[in-house]
Each structure stands twice: as C-alpha cells, then as structure tokens.
Amino acid sequence: MGKWKFLILVILVLFLALGAPTICTAGDESVDVRPRIGLALGGGSALGFSHLGVLLWLEEHHIPVDYVSGTSMGGLIGGCYAMGMSPQEIVDLVTEINWATLFDPNIPYDSLSFRRKDDRRQYPVSAEVGLDLFGGGVKLPPGIFSYQVDLLLSRLTLPYSTVRRFEELPIPFSCIGADIDRAEAVVMEDGSLVEALRATMAIPGVFTPVLREGRLLVDGGLLNNVPADVVREQGLDQVIAVELTSATPQDRTGLGVLMRVINSVVTAGSRRTREWADVLISPAVEDLGLTDWGKVREFIDRGYQAAEEQRAKLEVLAVDDGTWAAYLAQREAKRRAIPVPDDIRLQGLDQVTESAVRIELETILNQPVDVMALEAKLLELLGTGLYESFRYECRQEEERTVLVVTAVPKTHGRAWLNFGLALDAELLNGQEASFAVKSRATFFDLLQPGAEGRLDLRVGTEPTVVGEWYLPLLNTSFFIAPVIFADQKNLSIYRDEARLSTYRMLQGGIGFDLGYNINRWGEVRCGYRVAEQKAALRVGSPNGLEGDGTVSRVQLNLEFDWLDHAFLPQTGGRFRLTNTWFFEAPGAEEPFGQSEGEYFFIIPLADRNSVFTRVASGVTWQGDAPLIQEFRLGGSFRLSAYQAGMWYGDNYILGSIGYLRRLTATSFYGQDLYLGLWWEEGGAFSRRPDRQTDSVISIGLLGFTLLGPVKCHLSLREDADPYLYLGVGHIF
C-alpha cells in the first residue's frame, strides 16, 4: 500500500512539474491574448490621403498595428506611421506641404547659378532633352526630376536612416517596388529607407526610376498595389487592407488610353490581393482625382467613413485602455532623434566639387544634422544644372556615424537641349510681327572639367546662331569665353510715326571675353568683338543708310540678378550696366562710346499683390552714334503705345511703375496668371536740351505656362489710337 502511495505522489509531482509551465504560459497569454495585426496600404497618388482617415479611426478605437506594408502613396503614409508618427502628426505634415509645387521639377530661380538663370530667361520651355553625342540623336528623360520629393523623404527618414532593417522601426515596415527589367514585384524591407520610399513612389513616366541594389525600380503599384499578401506572409493573425480605386478615365485617345491601361493593370492586381485580407476597407473616392492634392481633408473624411463602415469587423480587434497605453509607450520608446554624424561621404560629385563641398559641410558635423543648412547647400549644387536630385542619410559604420550625401546625375547625360518661343505682335496698328523658335545646346566638361560649350540657334524672322566656349581659369571664379556669332536683325526707319523703310541687317563675327562670376547673383565680363555687317533694303525706299562695313568694339558688362522668378517675380531685383567703345562702325565718322543701364525692382504686398518699378537709360558719351547704333524705344514695356523702334536717338530715358495682382491662388504649370496695371514715361533724343518724353498707361494679363511667359496688354497714350500687344517668351 505504501508503494502505491509513493507512486501516486511521484505521479502528482511530475504532473505539477510538467503542468506548471503550461499554467504559466497560459497566464502569460492572458496578459497578451490580442491577435497580431498587419496593415496593407494601397497606392493611388492623392487618393492615398484617405489612409490618414483610416489610421485616425483605428487609433481612436484602440486598434494596434504590428506591421505595415504599403505601395506608392500608401508606402509614404505607411512609412511615416511606421516611423512612430501619429496619424495627426502625418495630417499636419501633408497639410503643410505645398503639393502644387512639390512636383515642380524646376529648381527655384534664386538658387540657380548665374549661367543657369540665363538659360531659364532665354529658354523657358520646361522640356529638356539630352543629346546623344555619339549616337547622333536625343535622349528623353524617363520622368520628371523629383529633387523636392527626394529632399522631403531624406528629411523625414533622417532619424531612422541608420536603421538598415525596417523591422527595427517603431512599427516593422516594408514597401513595394516594381523591377521593370525583370517584371517582378520587389519587397523592400532593408537597406536605405529613403531609397525604398523614393522607389515605391516612382510612378512610370512621371518620376525617374530608382536604381537600388542593382535593380531599376518604379512604383510597385504596377505589380502589387495593395500588398496584403506581403503582410500575411509575416505570420500575422489579422490583415487589414485599404484599397483605393480611382474613376476610369473617359478619354479614349492618346494619354487617356494610356491612363486607362495603367488603371486596369493596377485594379486587376489589387483584386488578386483581396483574398489575403481579413478586413478590406475601400474608401469611396471614385469621384475624386489622382491629382486632387488640395483636397486633403475630404480624402481623410472618406477614409474615416470607410473604416466606420467596417466597424463590426474592426471592433473585435480593439484592446482595453491599459493594453493600448502600453502599446503606445512601446512604440514611442522606439522613436529616434536626428543622428549626430562625425564624418561625411559625398557620392556622385567630381573631385573638385567634392573637395569644396566637403569643406563647407564639415561645419555641420559633431552635432545633430542641420537640415536647413544642408539642403541650402544641396540646392546651390542643383542650381549648377548638373544633377537631377540629391538624397542624404546617416549610416552606422563600425563606431562612426557617417552622413552620406548622394548626387543623382541627370539620366540624359551631360549635354542637353533647352527650348524657347519668341512672339511679339501688335494687333491693332502693327506693320510687322516677329516670331522665332530657339534652342540652346549645352555641353558640360567640354575638353576640360568645368568647361562648358554653348550653341544657340534661333529660327524665325530674325535668325541667329551663337557659339561660346566657357572656360574657368584654374578652378577659380575667373573665366575666359571665346565667341562666334552670326545674326539677322530687322531695322525700321520712322518719321512722324510713319515707317519709311525696313532694312535687313546681317552681321557675323568673333569675340573673346574675360570675366568673373560673382557667386550665383552676378557676372562681370569684358570682351572684344569684331564683325562684318551688311544692310539690305526690304521695304520702302533708300534713305542713305550706311550699313555695310566692319563693326569693331570693346564692351564691359556688369549684371546682377536676385529675383525669385525669371519672368513674374514676387521679390528681388535685377541690374544691368553695359559700357561699349566702338572703334569703328559703318556710318560713324570717328570712334564713339555708349553706356546703357537698367534697374528693375519688385516689392511684394499683402494678399498676392506686388508693385514694380523699372528705370533704364542710355547715353552716347563721346562722338555721334550712326543710325544703326542709336538707342531705340517703342514696343511692349518700352513705351508700349508706340511701334517698336519708333523712337530713336543718341540718348534715351525710360521709367515705369506698375501694380500686379495674382489671380490664381496656387503656382503650378499653367496656373500663373496676373492682372497688371502700369505707367511708362520716356523718350529718345539726340541732345539733352532737345529731350522730350511721353506717357503711356497699360493694362493687361501676364502669365506663365508650359511654353513660357505670355502677355496680352492694351496700351494708351494721349491723342492716339490704342495698341494691343500679344507676346510669348518674355514679359518685362
């Protein structure tokens, strides 16, 4: 009997010993019995703002998220959430962003180098194509340059840029790209976070692709727009998927067909992922557009309402207040501050530029990265025109924290074409209109690093060809620039506002300049030009014009430009001074000198208003200028109620003051439109005692489009017929 008692006792002890872990485990599970939840956020450009409404609803109802995966805009929103930002913080972020300008590929005018400012003024058409010097053709960029997107993503991800595995974020994360070479969806869950977010947003034909770890990636929406399957593969208990469906484009031609194809592919891919989701949330956004960036609040409301409609399925995933507080505390504890780098690495810059930039950026080391100072320097580098974009991040390498700045070169190479249109026509009294299509080919590092070749071609009523080789001296701001040129100009002779004749002036020659770049604000150059000139009568009768012969001159130019826009600035100014000494010119009895200066300044006022003033003057300060070299007034913004060239003389003076009212609230392609009202006073004369001036008042519309600046204005003066101008290519 004793043996049985002993055996029973042993069995009981073993049972308790073996059962104890089970009881403890059960006890642990009672503390954490909630299912692990994953979230899949679909792509959809502006429709992606709907994700914020869903996130707000989930947090209000205490539904924790243990894993996030997203595509395209879903990747951006999901990435911000995974980095520990609350839904409200993300809402504040997206409402502060000026989405209308975020996708503008043009570098701000005041950040451009002086030579690039000249490109923008002379050749304002937004399209830029590369030149294939060996293939003899052109190379179109694969998408718009996205420097602002890259800088935004770098700024957002900087605190977590030392994280190389995205599972270490406050919420484990991944995003989806599409490998366009292998036709494969790529799950990005480690490596560079900024590159991953940029790749998942690389909409084909809109943004340039991203080369990441040997793969050329674009927006993952092409192959997996709602990555519910990726979330399911993490072994989670519940998968919530948010699908965004846009309206099918009705246009059945051209771009409309392409958009319908892309929409069909994305929609079909989204349907295949539905089977992986336990809860599918589909915000009703079919009536909103993919580019409705200004409707953030409306998208958020649609997302919130869509989550509310799934309340029955979602509420079972909610946790109590204590569990929710512990979840938030755990997530908050994983948030990181901006790193403190102790070294810097620059990638993609030439050796000379890298050395200069390194010296400047070393001042921001050994302290939290000064993002504003860093991005200001990167904008200055972008202003040289050599790079598409920049990305920056910090990396942990052994015991060092390294700030890595990566320059993204332009995909169409270091030689490209810029374009412009020029139209000047007076529609009521005009006897002649001018029109031209023009282009500039720019060749960087031509025969020497830092050198730059230019070839300007203008085809139209006044054809022109100009070639220049810009050569910096010993890596300084000094330069030399040999020039060759040939052009045609049309010169009309008037008497008492009646045109007597028009001449075609042909000129061709060579020149040489020595100059100095004054940062990105200005340039001074002194040069010599010699050319052969020939005059041919086109209209009217001969009037004794002497136009055939040699023109030889030396010229000193000084120019500053600190405007914030090439054509319709809101602030800043521009100053130009030219001094010319003519050794010889057809019709001149002796050498003579001329000076011409112009100052333009604009001041912003409240509520999209501004005022501008412009003062210009020219003087012949020794000898008498022949008719061809005399100063001329008339035409748009140069005494607008007179025909172009109607006033002429050895000297002139011109002043104007005006008011501009911006009629559009945002600035994006084709949406810049201003109402202008201005007054002009001026005149041209041979001797100062003989000077007379006249007054003109004008009102018109000024705008900026994809084809460059446009203007249409009506100009009036006393006792004369009105003048109506239409112009493309320049304004002031």
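Can you run phi through the Karplus equation (6.51, -1.76, 1.60; θ = phi - 60°) for the range 569-575 and list ³J(HN,Hα) in whole Hz, with x for Gly and Pro?
3J(HN,Hα) across the range 569-575, in whole Hz: x, 10, 7, x, x, 9, 10.
State the percentage of accessible surface on the chain attributable to carbon and sulfur atoms; use a 1.4 Å probe and exclude ligands, DNA and RNA. Numbers along the way, then the final one.
Numbers: 19420 of 33360 Å².
Ligands and nucleic acids excluded, carbon and sulfur give 58 percent.
Would you please give the residues with an amide H less than 5 Å from that of residue 394, counting only those at least 5 places away or on a separate chain, with H modeled from the backbone geometry?
161, 162, 404
Do the alpha carbons of any pairs in 117/295; 334/410; 313/334 sit beyond 32 Å of each other, and which pairs? Mind dumping the intermediate values first?
On the way: 117/295 34 Å; 334/410 37 Å; 313/334 29 Å.
Listed pairs above 32 Å: 117/295; 334/410.
So, for the chain, what is the accessible surface per residue at a probe of 1.4 Å, expressed in square angstrom?
Values: 33360 Å² over 732 residues.
Normalised by residue count, the accessible surface of the chain is 46 Å².
Which Cα, out of 176, 159, 191, lies furthest along the positive dipole direction of the range 108-213 (beta carbon charges, K/R +1, D/E -1)?
Comparing the listed Cα positions along the dipole, 159 ranks first.
Can you work out the Karplus-derived ³J(HN,Hα) for every residue in the range 475-486? Use 6.51 cos²θ - 1.76 cosθ + 1.60 with θ = phi - 60°, whole Hz, and x for glycine or proline.
6, 10, 7, 7, 8, 10, 8, x, 9, 9, 8, 8
Once the convex hull of the alpha carbons of the range 331-449 is built, what does its volume come to per residue, in cubic angstrom?
210
Once Lys and Arg get +1 and Asp and Glu get -1 on their Cβ, which of 517, 537, 636 lies farthest toward the positive end of the dipole of the chain?
Toward the positive end, the furthest listed residue is 537.
Considering only the other residues whose Cβ falls under 10 Å of the Cβ of residue 467, what net charge follows from Lys and Arg at +1 and Asp and Glu at -1? Write down the numbers at each step before the final one.
Details: positive: 454; negative: 456, 468.
Charge balance near residue 467 sits at -1.
Can you tell me the orientation of helix 50-60 relative to the chain, as the angle in degrees between its alpha-carbon axis and the longest Cα principal axis, to the nearest 10?
Rounded to the nearest ten degrees, it is 40.
For the range 295-358, place one equal point scatterer on every Cα, skip the solvent, and apply the Debye formula. What is log10 of I(q)/I(0) at q = 0.28 Å⁻¹?
-1.06
Taking the Cβ of residue 297 as the centre, find all other residues whose Cβ is under 15 Å away and add up their charges (Lys, Arg: +1; Asp, Glu: -1).
Details: positive: 295, 302; negative: 92, 96, 292, 298, 301.
Residues near residue 297 contribute -3 overall.
Could you tell me the distance between the Cα centroids of the range 538-573 and the range 160-219, to the nearest Å?
The range 538-573 and the range 160-219 have Cα centres spaced 51 Å from each other.
Using θ = phi - 60° and the Karplus relation 6.51 cos²θ - 1.76 cosθ + 1.60, list the HN-Hα couplings for the range 433-443 in order, rounded to whole Hz, with x at every Gly or Pro.
The phi angles translate into 10, 10, 8, 7, 10, 9, 8, 10, 9, 10, 10 Hz.
How about the range 341-391: which GluC sites (Glu not before Pro) there are in a DSSP loop, with at most 15 other Cβ atoms within 10 Å of their Cβ?
Numbers: sites: 354, 360, 362, 375, 380, 388; in loops: none.
Sites meeting the loop and neighbour criteria: none at all.
Can you list the GluC sites (Glu not before Pro) in the range 452-502 that are in a DSSP coil and have 11 or fewer other beta carbons within 10 angstrom? Provide the component values of the computation, followed by the final result.
Values: sites: 452, 468, 497; in loops: 497.
Hits after loop and neighbour filter: nothing returned.
Nearest 10 degrees, 0 to 90: what angle lies between the long axis of helix 351-361 and the longest principal axis of the chain (Cα atoms)?
Taking the Cα atoms of the chain, the angle to 351-361 is about 70 degrees.
How large are Rg and Dmax for the range 37-183 when only the alpha carbon atoms are used, in Å?
That works out to 19.4, 63 Å for Rg and Dmax.
Roll a 1.4 Å probe over the protein heavy atoms and report the accessible area of residue 104 in Å², nearest 10.
Only protein atoms counted, so the area is about 40 Å².
Report Rg (one decimal) and Dmax (nearest whole number) for the range 450-533, counting Cα atoms only, units Å.
That works out to 17.1, 55 Å for Rg and Dmax.
Tell me which of 346, 369, 316 sits at the most positive position along the dipole axis of the range 314-399, charges placed on C-beta atoms (Lys, Arg +1; Asp, Glu -1).
With unit charges placed on the Cβ atoms, the residue in question is 316.
Looking at the range 549-630, which GluC sites (Glu not before Pro) are in a loop (DSSP not H, G, I, E or B) and have at most 14 other Cβ atoms within 10 Å? Kindly include the intermediate steps, with their values, before the conclusion.
Numbers: sites: 559, 584, 589, 596, 598, 630; in loops: 589, 630.
Answer by residue number: 589.
What's the center-to-center distance, using Cα atoms, between the range 591-669 and the range 359-432 in Å?
A separation of 33 Å, based on Cα centres.
To the nearest 20 debye, what is the magnitude of the charge dipole of the range 137-215 about its Cα centre, counting +1 on the Cβ of each Lys and Arg and -1 on the Cβ of each Asp and Glu? Present the calculation step by step, with values, prior to reporting the outcome.
Numbers: 8 positive and 10 negative charges, 56 e Å.
Rounded to the nearest 20 debye, it is 260 debye.
Provide the descending list of Cα extents for the chain along its principal axes, expressed in whole angstroms.
145, 54, 46
Roughly how many Å² of residue 638 are accessible to a 1.4 Å probe, to the nearest 10?
Surface open to solvent at residue 638 totals about 60 Å².
Compute the angle between helix 73-82 and the longest alpha-carbon principal axis of the chain, please, reported from 0 to 90 degrees and rounded to the nearest 10.
Between helix and principal axis, roughly 60 degrees.
Given H placed 1.01 Å from N in the peptide plane, which residues other than close sequence neighbours of residue 408 have an amide H under 5 Å from its amide H?
388, 389, 390, 391
Treat every Asp and Glu Cβ in the chain as -1 and every Lys and Arg Cβ as +1, leave all other atoms uncharged, and give the resulting dipole magnitude about the Cα centre to the nearest 20 debye.
Details: 67 positive and 94 negative charges, 143 e Å.
Approximately 680 debye in magnitude.
The values are calculated or read from the model by the stated rules, or taken from the named source; none is laboratory data. Bear in mind the structure is a predicted one, so any value in this text is a computation, not a measurement. Cβ atoms come from the backbone with ideal geometry, glycine included; neighbour counts cover every protein chain shown. Note: accessible area is taken over every heavy atom of the protein model, side chains too, but ligands, DNA and RNA are not part of it. Shrake-Rupley method; radii C 1.70, N 1.55, O 1.52, S 1.80 Å.
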